[in-house]
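One structure is given here, and the rest of the page talks about it.
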Ligand SMILES: Nc1ncnc2c1ncn2[C@@H]1O[C@H](COP(=O)(O)OP(=O)(O)OP(=O)(O)O)[C@@H](O)[C@H]1O
């Protein structure tokens, strides 16, 4: 909206320019239409120049910045000359009178009031401005959700028309009864009227029932489908999205936002439909009875709809803020529950409670403001509705006394008017809810419309894969830390069918290599090839089957151990699961459980120890018989014996599989066929164990450091 001060300035400038121009020009020219147009155009030119100058001088500030002021200047400058021209052509006396009064204060105020009212009505009917464009776009997006069910809504519309039409019967027949009583007509008319009225009322109730049923069933279908669609859109996002958007935020969108959106949509849509249809019928019937009174009603209606529009914008902004605040509350709760052991071990339950209460308090403050805003909206709406009723009754009363309508018609009209006013009131009350639904839907649509930032899916799925991996000048930084490269110009080969070890101090970038190999992220520059083809060329499912990873802290889910091992493979035989478990040395401990492979692993695998989880995860990777097996510190929780057993399996397998081994334990690394040393995101050494020791470089230092700390530990134990 144009700011108050900008408007005051415009009116002031308008007044000043008009009077100066009139004073100067009327000295030389007689008062005529030509002079009026001359002054108006000169005035418009000056105002436009001042507005343009103000816009460039006060760039970035709201003062005098709005383009809408130009439209207002055009209307206010040209209004009187245009009216005078029309009047001179069609009503010469009025035209002369208008020209004569031109420049007087009353006409000046009147012309500006007309400009202001037109601007308000224009603003009311045709949304403009950036925010509002956004909301109207969301309203269309909301309605687009209903498009697949168009035929159902067509049916709803048919029943709606029938039922609303039936509702018009009561006032019409009441009017007829009033005329019948007044004129003492034939008694049979009384019974005919009553029976017809009863039949129409019953039919209207039945059609309303059918309409309600179809509508509610359709809306719950819309809700379910939108929820599924939203979850699907989120799941297909790139990992960067999950890195940057807090989990609480995402959960909030899938649960509370979409529910709020659907509920508001179904509730407000049904109200809007019913009352809009009723209004249409009431308008037709009222216009049939008294066009004058109907015109008066509609004009009043246009003016009072400005109130909900203003409060609706405020409610919408508040709704967005409340949703954001709720997300933060959820985020704190989720973070606390998922780190419960850490919270307990640092005895920080009270601290977490305080953090949660702090976030809740912010939400409470916003809710309080929302409650006040809602209360104010209700008061403003009922006040405007009441003003409309009083106005209509006053104007209607005058029509009766002027005998422009009959007694029965007046009764019908008053009944229609009351229904009309209550329908308007309901629509006004519904309006902030529409804005609230739009507020909730904006974020939901933001997620639904988000295009994942990943390369298009590949289709390569060769029957024979060597498992040769090449990193060629790869540079990568995480989206959360775009300025700090985790890998810098890294190039190396992982030869097929051999065990390659990646070693380096903490934060060297070892897990980042794994993340890139898993295609969780895309490098900013350089290429990663598998059998000389970029990773993105491979079909996703194929790639996930051929490249398997076991991480240091494997994530298991709350299903049986067998199902955890065969995760993502569908129906798998127990024999093949057992074979994989034997290879990862998990078979024995699984059989010791009362239910063997059917034992539940607990939520996130909490019923298993760290070492057991690692062995189950290793079995899960081995079951897929991948061509490339990546072990990212995957045996760190195992004892030496178990680790040795697993190593034997890997090395015996090595002729068939490419293995990338990442470990901090040098005794695990030294047996690898090829060793890469990574430091500060760069490959600084490569070769086999003996070659690297001979170089006496970083690898040599790492090994010595580990050996001396190991010896120190043993000495301390012996003391
Ligand atoms: N998701 C992430 N977002 C932002 N930065 C990250 C992310 N993951 C890792 N990093 C940063 O990238 C760098 C390399 O981390 P990476 O986990 O690859 O090292 P690492 O060699 O595997 O370490 P460690 O041996 O301790 O596991 C570190 O500086 C780390 O802080």
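The values are calculated or read from the model by the stated rules, or taken from the named source; none is laboratory data. These figures come from a predicted structure and were not determined experimentally. In this analysis, Cβ positions are derived from the backbone assuming ideal geometry, glycine residues included, and neighbour counts consider all displayed protein chains.
Numerical summary
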item: Hits in segment 474-484 - residues which are more than 9 Å from the ligand (Cβ to nearest atom) and either modelled with pLDDT under 90 or in a loop (DSSP other than H, G, I, E, B) (or both); result: 482, 483
item: The one condition in (1) crowded, with 16+ Cβ neighbours inside 10 Å; (2) at pLDDT 90 or above that residue 491 fails to fulfil; result: (1)
item: Where a residue in segment 467-488 is without any contact (Cβ under 8 Å) to a residue 40 or more places away in the chain and its partner, wherever it lies, is in a loop (DSSP other than H, G, I, E, B) and within 9 Å of the ligand (Cβ to nearest atom), with Cβ under 6 Å and at least six apart; result: 484/477
item: Residue satisfying condition, being within 19 Å of residue 525 (Cβ to Cβ) and modelled with pLDDT under 85, within set 436, 454; result: 454
item: Selection count, segment 504-549, where residues are surrounded by fewer than 16 Cβ atoms within 10 Å (Cβ to Cβ) and either outside the structural domain of residue 485 (by TED's automatic domain parsing) or under 28 Å from residue 703 (Cα atoms) (or both); result: 3
item: Residue match in segment 618-635 (condition: more than 30 Å from residue 463 (Cβ to Cβ), touching a residue at least 12 places away in the same chain (Cβ under 8 Å) and surrounded by 22 or more Cβ atoms within 10 Å (Cβ to Cβ)); result: yes
item: Filtered residue count, segment 225-238, keeping only those that are free of Cβ contacts under 8 Å to residues at least 12 places away in the same chain and closer than 23 Å to residue 519 by Cα; result: 2
item: Every residue from segment 188-224 that is in contact (Cβ under 8 Å) with a residue 12 or more places away in the chain and within 17 Å of the chain's Cα centre (by Cα); result: 222, 223
item: Condition check for residue 460: touching a residue at least 40 places away in the same chain (Cβ under 8 Å) and either within 12 Å of the ligand (Cβ to nearest atom) or touching a strand residue (DSSP E or B) at 6+ places or on another chain (Cβ under 6 Å) (or both); result: yes
item: Residue 657, sole failed condition from (1) at pLDDT 80 or above; (2) farther than 19 Å from residue 517 by Cβ; result: (2)
item: Test: residue 470 is surrounded by 16 or more Cβ atoms within 10 Å (Cβ to Cβ), assigned to a strand (DSSP E or B) and away from the ligand (no atom under 16 Å from the Cβ); result: yes
item: Some residue of segment 667-674 being within 16 Å of the ligand (Cβ to nearest atom), touching a residue at least 12 places away in the same chain (Cβ under 8 Å) and within 22 Å of residue 496 (Cα to Cα); result: yes
